1. Quick one: 3J(HN,Hα) in Hz for segment 102-109, Karplus 6.51/-1.76/1.60 with θ = phi - 60°, rounded, Gly and Pro as x.
2. Only counting other Cβ atoms within 10 Å, I'd like K19, K3 sorted with the fewest neighbours first.
3. Long-range amide H contacts for L42: which residues qualify at under 5 Å (H placed 1.01 Å from N, peptide plane, sequence gap of 5 or more or a different chain)?
4. Across segment 118-129, in residue order, what do the Karplus-derived ³J(HN,Hα) couplings come to in whole Hz, using 6.51 cos²θ - 1.76 cosθ + 1.60 with θ = phi - 60° and x for Gly and Pro?
5. Tell me, what ³J(HN,Hα) does each residue in segment 27-41 have, in order and in whole Hz, if you take phi through Karplus 6.51 cos²θ - 1.76 cosθ + 1.60 with θ = phi - 60° and put x for Gly and Pro?
6. Figure the gain on full extension for A9 and L110 (residue separation times 0.36 nm, minus the Cα-Cα span) and round it to one decimal in nm.
Amino acid sequence: MLKWLWLSALVVTLDLATKAVASHYLVLYQPVPVFPGFNWTLAHNAGAAFSFLASQSGWQRWFFSVIALVVSIGITIWIKRLKPTETWLAVALALVLGGAIGNLWDRVTLGYVVDFIDVYYQQSHWPAFNIADSAICVGAVLLIIDSFRGERDWREKNKDKKWSVM
């Protein structure tokens, strides 16, 4: 199922390209309104999700980089071992992998992750995010959905079997 790595490569390409455009045209922390509830706002996140550990002295850059690298290797191995019928799972994992690599690239080369999508309601803003973060979230939702599909398929396949605790 490594054939799905094209999707990871597409996510990385779109992520890095949009981050480059945002970094070139936007001013750090200066919102550009697009429509109510949505701005372009360049932000640099030295931490993880929701700026977790962003205020630390810099060690978190390498900590999160190592985690992303290990997770990326693990996901690639997982994709390689999938059965040809596990397309949904392969797509989900490819999206997560692409997002992880996109943000890993930023961390290693810049020391922070470039975020630029700002969604808000009235005065409440969701933390800024990017294409990589979006791909990770969509992939995670697909993984959750796939886990329910897998459970349903297992129950259907084993509905006539008698199960005993002993």
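Please treat every number below as a calculation from the coordinates, not as lab data. It should be emphasised that the depicted structure is a prediction, and the values quoted were computed from it without experimental measurement. Reconstructed Cβ throughout: ideal geometry from the backbone, glycine too, with neighbour counts over all protein chains shown.
1. x, 6, 4, 4, 4, 4, 6, 7
2. Lowest to highest Cβ neighbour count: K3, K19.
3. Those qualifying (amide H under 5 Å, at least 5 residues apart or on another chain) are V27, Y29, Q30.
4. For segment 118-129, the Karplus curve yields 10, 10, 8, 10, 6, 9, 9, 9, 6, x, 4, 9 Hz.
5. Working through the residues one at a time gives 9, 3, 6, 10, x, 10, x, 10, 7, x, x, 8, 10, 9, 9 Hz.
6. Fully extending the segment from A9 to L110 adds 34.4 nm.
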